[in-house]
Amino acid sequence: MPDNPGAQATFYEEPAWLAHLNPAQREAVTLPMDSHGAILAGAGTGKTNVLTHRIAYAIRGGMEPYAIVAVTFTNKAAKEIKERIARLVGEEAAGKIRLGTFHSLGLKFLRKFGHHIGLERCETAAPMDEDEAVALLRRVMKDRFPDTDLKVEKPKDHYFVISQWKEQGLYVNDVPVQKTASANFTRMLYAAYEAEKKRSQALDFADLVLQSNFVLRHHPEVAAVFHQHLRMVLVDEFQDTNPIQVEFIGHLTGTGHSVPTFVVGDDDQSIYGWRGADAGIMQSFLKRYTPNHLVRLEQNYRCTSTILDAANAVIANNPNRIGKRLWTERQDVGSFQLDIFADAEAEAGAIADRIRNLLADGIPPADIVVLYRKNMLSRGIEKALVFRDIPYRIYGGLNFFQRREIKDALAWLRLVQNPLDEMALFRAIAAPRRGVGAKTIEQWKTMAQKQGVALWDVLHSDKKASIQSFVQIVHRLRQVYEAEGLVVLVKKMLALTKLEQYYITAAKERGEECAENLQELVIAAGVFHHEMRATGLHMESLARTPGDLLSEFLADAVLNSDQGGQKKKEGETVSLMTVHKAKGLEFPYVFLLGLEDGEFPKITQSGFCNLEEERRLFYVAVTRSKFSLFLSCVRNRQSFGYTQDAGDDEAEDGLDSHFVSRFVQEIPAHLLGDAARLVQASSRKLVGSETGSDGDWW
DNA sequence: AAGCTTAGACTTTTT
DNA sequence: GTCTAAGCTT
């Protein structure tokens, strides 16, 4: 390193700006720049701080910002990291770092190099969302396998399996012959799905990474450009990466992993196994990327010792950990309690009351979060909060860009961006209705095929007035966009298509809401425009193509779909989210509800349960709390409008038997106080029920 | 082709 | 209970 000052400059020992870091953090930040590093960072141990300081350390040492790639798992994390780096090295340098999620980096890559896989107009490409991908598969099934009963062979199920294969890195020809007829049918569908996708120039989520890998594999000259220019690759939340993402990283770091790679993660917080992530990925990194340094961050700055004791005790039940134990210097106790309610209504009411009291005591709403295992559980709390006039914000669930009216509007925008987008065409032409249905489209399709032209060209020769006006609107909007930009385009689109009036009359009670959402879309476009202006490029990337605003906006609507469209501002509301969404976040007051065994851990109807992953999920939930943690469960929880009893026999103190989550029972009794007695009463039935270490357990 | 009615699914987590 | 898709009617 010393004899190569140009590329790596001088890295001094413990500069003053690193003085506030603890020894382990400082060691991680200042690891030799020419070796790989794996940072095992427990919850609340300053993981992001280490990552951002490592980047700043490199830049201050003379590394060019654009020689650094940093990959995160969510857009939110990318944004936060960028802001924090900006504070360390300034906006300009921070803006040059190639930072983004795997998917946004993959998209940027394909926008530049997609022509290698036959992607036309690749520079403005955008992926389909999941609904569209499933719809495409359904169409394939109908066209190619018309005898299939779609109620038996559900498109969604097949899409799920195909996605799993793709996340594992299996291309069509890599999937082995399956054991069951149904699985082999999926295998056939995979090929047909890929063919149709290619024909219609569409991409699904997995393609963003998988197809990028394909290009990098088969075009070493492209890959070479990256590892020649890159000096450092960093991966956040490395425990959640799946095989195709690991391969993507491998392509960037080059043959023999010549580019120093710095991964940060926590095997105890690996909660995306269902998406192909392998909790053992940290271990295999240590084997494959050598030489390397492993640094453990175990001092926790977030939680009280009570909460840490509980979290450590629960996670200790997982075998196969790299192993670490969080500790804190904090002496304050906060509060930690469990409540058991009769039903979900009582639970929601009690939580909402408690939140109201906290707010009355002057606690800012932004300090409070309600966490749950699955989105559906937000409903009860929502109701209770609305009843008490408490402002809240739901993260995740059905998001803004997935609403029907918004998707219709986006279809118009997509058509303006690319008239050859057939899916957008079908959607836009029916919103509002203009006398075109399945039959007409079939005719057009055959006509297009016969003449060897695009569907869009066929529309031009149609003499019907409604079709002509449709075509005219698209052309007119294109001119509007080119002359006046994105925001005016969205406004004019609503005006010319009369979508708002259409929904007000057609959607009845929901009409007003639809119209409001469409107005919200104008605002979202304005915000997006503003952000792009402010930051130069929204998604910094490997392939920094300038890209036009419309195609960036459309891609953002798919890749970053949970942002935007929320009327209440962040910071003024209580937060509601799933535990998955909460990873990486922290709140002084955390409510964790729905802690019934079978719900959390989730046990499927077939009896399957990935107990270790569920336990990690519980560990993530508990360690979000900076001060207070309120756990709760109910004896009866309704689902689908029906009441289901939790247990059929009763313990002597009137409680149903096995309903409290086994994870709660793994918490040392002395930490739970009064509630421990109740838990113990319900735990007798559970003794010995845990058989296997993971996977199926009964 | 559009609008209405009904049947069935959804409920694990997300880019 | 709520939402969507398929089926039936106009």
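Overall shape of the range A:400-560 was characterised from the C-alpha gyration tensor. The equivalent ellipsoid obtained from it has semi-axes of 27, 21, 13 Å, in decreasing order. Counting neighbouring Cβ atoms within 10 Å and putting the fewest first, the residues A:Arg321, A:Arg615 line up as A:Arg321, A:Arg615.
For the pair A:Glu329 and A:Ala366 in one chain, pulling the backbone fully straight at 0.36 nm per residue adds 10.8 nm over the alpha carbon distance.
Count Lys and Arg as plus one, Asp and Glu as minus one, and take only other residues whose Cβ is under 11 Å from that of A:Leu420; the net charge is then -2.
Positive-end ranking of A:Gly584, A:Val490, A:Gln168 along the dipole of chain A, with charges on Cβ about the Cα centre, is headed by A:Val490.
Hey, got the dipole for the range A:139-254? About the Cα centre, +1 on K and R Cβ, -1 on D and E Cβ, debye to the nearest 20? Intermediate results must be reported in sequence, preceding the final value.
Numbers: 14 positive and 16 negative charges, 72 e Å.
Using only the charged Cβ atoms, the result is roughly 340 debye.
Computed over the range A:381-483, the P(r) curve from all C-alpha pair distances, binned at 5 Å from the origin, holds 2, 11, 18, 19, 14, 8, 6, 6, 6, 4, 3, 1, 0 percent per bin. The amide H of A:Asp266, built 1.01 Å from its N in the peptide plane, has A:Ala41, A:Phe238, A:Gln239 as neighbours under 5 Å, considering only residues 5 or more places off or on other chains.
The range A:167-229 and the range A:58-124 have Cα centres separated by 23 Å. Hydrodynamic analysis of the range A:98-166 uses the Kirkwood radius over alpha carbon pairs. Inserted into Stokes-Einstein at 10 °C and 1.306 mPa s, it gives a translational diffusion coefficient of 113 µm²/s. Taking a straight Cα-Cα cut-off under 16 Å and skipping sequence neighbours fewer than 8 places away in the same chain, the lysines within cross-link reach of A:Lys602 are A:Lys374. For the range A:326-341, 3J(HN,Hα) computed residue by residue from phi via the Karplus equation (6.51, -1.76, 1.60; θ = phi - 60°) reads 6, 9, 9, 8, 4, 10, 5, 9, x, 9, 8, 8, 10, 10, 10, 10 Hz, glycine and proline entered as x. According to the Kirkwood relation over distinct C-alpha pairs, the hydrodynamic radius of chain A is 27.5 Å. Amide H to amide H, with H built 1.01 Å from N, A:Ala70 comes under 5 Å of A:Arg98, A:Leu99, A:Gly100, A:Leu234, counting only residues 5 or more places away or on other chains. Think of chain A as having a plus end and a minus end, set by charges on the Cβ of Lys, Arg, Asp and Glu; of A:Ala310, A:Gly44, A:Pro15, A:Pro15 sits farthest toward the positive end of this dipole.
Working note: Debye formula, equal point scatterers on the alpha-carbon atoms of the range A:128-202, no solvent; log10 I(q)/I(0) at q = 0.24 Å⁻¹ is -1.23.
Model label points for A:Asp131 and A:Met376, set 7 angstrom from Cα along the Cα-to-Cβ axis, are 2.0 nm apart. Dipole of chain A computed with +1 at Lys/Arg Cβ and -1 at Asp/Glu Cβ about the Cα centre; of A:Ile441, A:Ala70, A:His475, farthest Cα towards the positive end is A:His475. Phi angles of the range A:227-241 translate, via the Karplus equation with coefficients 6.51, -1.76, 1.60 and θ = phi - 60°, into HN-Hα couplings of 6, 6, 8, 7, 10, 7, 10, 10, 10, 8, 6, 4, 5, 9, 6 Hz per residue; Gly and Pro are given as x.
Mean separation of Cα pairs under 8 Å and 6+ residues apart, divided by the residue count of chain A: what relative contact order is that in percent? Don't skip to the end; give the middle numbers.
Working: 1091 pairs, mean separation 122.6, N = 698.
This gives 18 percent for chain A.
Kirkwood hydrodynamic radius computed over the range A:43-173 comes to 18.0 Å, based on all pairs of distinct alpha carbons.
In this structure the amide hydrogen of A:His293, modeled in the peptide plane, comes within under 5 Å of the amide hydrogens of A:His36, A:Gly37, A:Ala38, none closer than 5 places in sequence on its chain.
Placing +1 on the Cβ of every Lys and Arg and -1 on the Cβ of every Asp and Glu, with nothing else charged, gives chain A a dipole about its Cα centre of roughly 2020 debye.
Relative to the Cα centre, the charge distribution of the range A:400-560, modelled as +1 at Lys and Arg Cβ and -1 at Asp and Glu Cβ, gives a dipole magnitude of about 720 debye. On alpha carbon coordinates alone, what is the Rg over Rh value for the range A:197-333, Rh being the Kirkwood radius? My calculation puts Rg/Rh at 1.08.
What order do you get for A:Asp147, A:Asp548 when you list them from fewest to most C-beta neighbours inside 10 Å? Walk me through the numbers before you get to the answer.
On the way: A:Asp147 4, A:Asp548 15.
In order of increasing Cβ crowding within 10 Å: A:Asp147, A:Asp548.
Taking θ as phi - 60° and the Karplus parameters 6.51, -1.76 and 1.60, the scalar couplings of the range A:256-263 work out to x, 6, 6, 8, x, 10, 10, 10 Hz in sequence order, x denoting glycine and proline. For the peptides A:130-138, A:417-425, A:166-174, the ranking by mean Cβ contacts within 10 Å, running from highest to lowest, is A:417-425, A:130-138, A:166-174.
In plain terms, the residue of A:Cys514, A:Cys303 with the fewest other Cβ atoms within 10 Å comes first and the most crowded comes last, giving A:Cys514, A:Cys303. In straight-distance terms, cross-link reach from A:Lys464 covers every one of the lysines whose alpha-carbon lies under 24 Å from its own, apart from those fewer than eight places away in the same chain; here that gives A:Lys439, A:Lys445, A:Lys450, A:Lys492, A:Lys498.
With Cβ to Cβ distances under 9 Å as the rule, what net charge do the other residues near A:Glu196 carry (K, R +1; D, E -1)?
Numbers: positive: A:Arg139, A:Arg144, A:Lys197, A:Lys198, A:Arg199; negative: A:Asp143, A:Glu194.
It works out to a net charge of +3.
Taken together, the values in this text are just the output of simple stated rules run on the coordinates, not laboratory data. The structure displayed is predicted, hence computed values, not measured ones. Here Cβ is always computed from backbone atoms with ideal geometry, including for glycine, and neighbour counts include all displayed protein chains.
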